[in-house]
Amino acid sequence: MINALKNIYQGKKIFLTGHTGFKGSWLLKILHMLGAEVKGYALAPENEFNLYNLIGGGQLCDSIIADLRDKDTLSKAITNFQPDYVFHLAAQPLVRLSYDIPAETFEVNAIGTANVLDAVRLLEKPCNVVLITTDKVYHNHEWAYPYRENDRLGGYDPYSASKACAELVIDSYRNSFFNINTFNRHKKSIAVGRAGNVIGGGDWAKDRLIPDIVRALSKNIKIEIRNPDSIRPWQHVLEPLLGYLLLGAKLTTEPVKYSQAFNFGPHFNDALPVKDMVDLSIKCWGKGEYFIDQPADRPHEAGLLKLDISKAITEIGWQPKLNAMGALKYTIDWYKQYFDNADQIVGFTEKQITEFLNQTP
């Protein structure tokens, strides 16, 4: 798999938004290992502990620290770089934070996406674009049926709604400026990756399950969980990142066919409730306890959400390599390495990437 991806991306110019974030840092490291030339565009890392600095992200790319809403800076960065690929990961990614900053969430996620596509529109060369949204773009009925790519979009909370808005922006640009029927004229392919609830080493965000678990376990305090029965399609961060890279590769060979949306998630029977994830985390760590805190005034969060990934399996040749336990083991092993030997975390991160990519599903 590594050699196959090198054949696609080695020496190619990749514009990566969100490169300082959790998923973006993992993707930056992979692209560097594949021999790509990366220009990153994102805000500075918010937390003192962040994966980007741990892996020496500033040495892996040409980094621009700026806001997606700064249209002129973003446009100049893309047009001056003349990328072969754009991977757009930058976002306000937290549901609970979106209740505190709803307008900003819509600006970053919807208008920020429009700004990226507007800059791509100015490129006078072929470019393959993979835009990342979320599993939460679907109008969630909280039923057992897994959502397919052609299901209705929507969103209860500002984060989910902002990402559904981003999808409408993408669809409009694809129809208006990057229509597949006129591909030979514009030479731009536009695809969407929908994934969510990724776990993995190096995530220190507030109000995310695994970082909250690890913070508690590392301090020998009880884990607080808010929604023990909520079911999510948990997956290791490397799973969807491989999906995005394979989708980008498909755009290279068949840009018209693959200019559409794809779900990336675990197998249907591998979606687990929060409580089970906490129990498995404690098992992997070797000790720990938790308690449930459900305040009456807590903001709404979806209780059940599953994805249908059959389209990605049949059309891209992607499928999950790790089950929930395997994903958790990868994740907890990374954090244990960090707390025991932080100076060796770069090599350990590379080792996990290599092992994962070389695995067969």
**Request:** Filter region 132-152 down to residues that are buried (at least 24 other Cβ atoms within 10 Å of the Cβ) and hydrophobic (A, V, I, L, M, F, W, C) and give me whichever is modelled with the lowest pLDDT.
**Result:** 137
**Message:** Restricting to region 284-316, name every residue that is over 20 Å from residue 271 (Cβ atoms), at pLDDT 90 or above, in a loop (DSSP other than H, G, I, E, B) and among the charged types (D, E, K, R).
**Reply:** 287, 289
**Prompt:** If residue 337 passes every condition in (1) surrounded by fewer than 20 Cβ atoms within 10 Å (Cβ to Cβ); (2) farther than 21 Å from residue 219 by Cβ; (3) of a type outside the set (Val, Ile, Thr) but one, which one does it miss?
**Reply:** (2)
**Request:** Mind listing just one residue for me: the one in region 100-118 that is among the small types (Gly, Ala, Ser) and closer than 24 Å to residue 28 by Cα and, of those, surrounded by the most Cβ atoms within 10 Å (Cβ to Cβ)?
**Result:** 112
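Among the listed residues 118, 157, 100, which satisfies the condition of being of a type in the set (Asp, Glu) and within 24 Å of residue 52 (Cβ to Cβ)?
On the way: 118 fails: within 24 Å of residue 52 (Cβ to Cβ); 157 fails: within 24 Å of residue 52 (Cβ to Cβ).
From the options 118, 157, 100, the qualifying one is 100.
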**Request:** Report, by residue number, each residue of region 80-99 that is exposed (fewer than 15 other Cβ atoms within 10 Å of the Cβ) and in contact with a Leu (Cβ under 9 Å, 6 or more places away or on another chain).
**Result:** 82
**Request:** Output the number of the condition that residue 47 fails; it satisfies all remaining conditions of (1) at pLDDT below 95; (2) over 18 Å from residue 202 (Cα atoms); (3) not basic (Lys, Arg).
**Result:** (2)
**Message:** Quick check on my filter: what residues within region 79-106 are closer than 22 Å to residue 16 by Cβ and within 19 Å of the chain's Cα centre (by Cα)?
**Reply:** 85, 86, 87, 88, 89, 90, 91, 92, 93, 94, 105
**Request:** Quick one: residue 315 ticks every box in (1) under 30 Å from residue 100 (Cα atoms); (2) surrounded by fewer than 18 Cβ atoms within 10 Å (Cβ to Cβ); (3) of a type outside the set (Lys, Arg) except a single one, so which number is it?
**Result:** (1)
**Item:** Among residues of region 7-29, those that are touching a Pro at 6+ places or on another chain (Cβ under 7 Å) and either under 13 Å from residue 245 (Cβ atoms) or in a loop (DSSP other than H, G, I, E, B) (or both), counted
**Value:** 2
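Residues being of a type in the set (A, V, I, L, M) and either out of contact with any Leu (no Cβ under 6 Å at 6 or more places or on another chain) or on the phi > 0 side of the Ramachandran plot (or both): count how many of those fall in region 123-151. Don't jump to the end; show me each part of the working.
The first filter runs over region 123-151 and keeps only residues of a type in the set (A, V, I, L, M), leaving 123, 129-132, 137, 144.
Checking the rest, the ones that are also either out of contact with any Leu (no Cβ under 6 Å at 6 or more places or on another chain) or on the phi > 0 side of the Ramachandran plot (or both) come to 123, 129, 131, 144.
Summing the residues that are of a type in the set (A, V, I, L, M) and either out of contact with any Leu (no Cβ under 6 Å at 6 or more places or on another chain) or on the phi > 0 side of the Ramachandran plot (or both) in region 123-151 gives 4.
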**Asked** Just wondering, is there one or more residues in region 60-78 that are over 24 Å from residue 9 (Cβ atoms), free of Cβ contacts under 8 Å to residues at least 12 places away in the same chain and polar (S, T, N, Q)?
**Response** yes
**Message:** For region 55-71, give me each residue that is surrounded by 19 or more Cβ atoms within 10 Å (Cβ to Cβ) and out of contact with any Lys or Arg (no Cβ under 9 Å at 6 or more places or on another chain).
**Reply:** 68
**Message:** Looking at 171, 203, can you tell me which residue is out of contact with any Asp or Glu (no Cβ under 9 Å at 6 or more places or on another chain), in a helix (DSSP H, G or I) and either crowded, with 19+ Cβ neighbours inside 10 Å or at pLDDT 95 or above (or both)?
**Reply:** 171
**Message:** Out of everything in region 333-361 that is of a type in the set (S, T, N, Q) and outside any helix (DSSP H, G or I), what residue ends up being farthest from residue 239 (Cα to Cα)?
**Reply:** 341
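The values are calculated or read from the model by the stated rules, or taken from the named source; none is laboratory data. Note that the structure is predicted; figures quoted are calculated from it, not measured. A quick note on method: Cβ atoms are made from the backbone with ideal geometry, for glycine too, and the neighbour counts reach across all protein chains shown.
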